[in-house]
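*Asks:* Sending over a structure as structure tokens; questions will come in a sec.
Values in this text are rule-based calculations from the coordinates and carry no lab data. This is a predicted model, so every value here is computed, not measured. Backbone-built Cβ (ideal geometry, glycine too); neighbour counts: all protein chains shown.
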């Protein structure tokens, strides 16, 4: 299995689980959409460090692959994710209410799609950092590890 495949095999389910846990009190449909959003966000996040610092040589790991990056992500997202998710869920609720009031099919379809999108984003914002952190965790156990800062 290639290194990229390993990051995806670990990162994607990590984001799925994190987003699912954070959506555990949502309605079943919203839970499913947020969990899927978490998996997609984590897939992108798991590729993030290597997108920022491509593996052109064996010593490619620097700031984006560091313990400092992990600390910044943990410190900022631990407080931000609940706020972002509250906002996304409020937007989804607003669109669900508008869909219920809509008298035209096109309006119902639009508001239904927007509610779906906001729930998806709620999961995505939880999955993205989870995937990124899973990448750093995996790389930290390699022979070269990851640097403290750069």
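*Asks:* Among the residues of the stretch 50-107, write down those that are buried (at least 17 other Cβ atoms within 10 Å of the Cβ), within 25 Å of residue 25 (Cβ to Cβ) and in contact (Cβ under 8 Å) with a residue 24 or more places away in the chain.
*Replies:* Passing the criteria: 73, 77, 81, 85, 88, 89, 91, 92.
*Asks:* Quick check on the stretch 29-40. Is at least one of its residues surrounded by fewer than 14 Cβ atoms within 10 Å (Cβ to Cβ) and closer than 18 Å to residue 117 by Cα? Reasoning before the result, please.
*Replies:* Step one: list which residues in the stretch 29-40 are surrounded by fewer than 14 Cβ atoms within 10 Å (Cβ to Cβ), which gives 29.
Then keep just the ones that are closer than 18 Å to residue 117 by Cα; that gives 29.
Yes, there is a match, as at least one residue in the stretch 29-40 is surrounded by fewer than 14 Cβ atoms within 10 Å (Cβ to Cβ) and closer than 18 Å to residue 117 by Cα.
*Asks:* Right, here's the next one. Identify all residues within the stretch 95-117 that are more than 22 Å from residue 38 (Cβ to Cβ) and in a helix (DSSP H, G or I); write none if there are none. Spell out how you get there, then give the answer.
*Replies:* Step one: of the stretch 95-117, the residues more than 22 Å from residue 38 (Cβ to Cβ) are 97-111.
Scanning the stretch 95-117 gives 97, 98, 99, 100, 101, 105, 106, 107, 108, 109, 110, 111.
*Asks:* Given the residues 135, 119, which is the only one that is closer than 22 Å to residue 4 by Cα and surrounded by 15 or more Cβ atoms within 10 Å (Cβ to Cβ)?
*Replies:* Details: 119 fails: closer than 22 Å to residue 4 by Cα.
The conditions single out 135.
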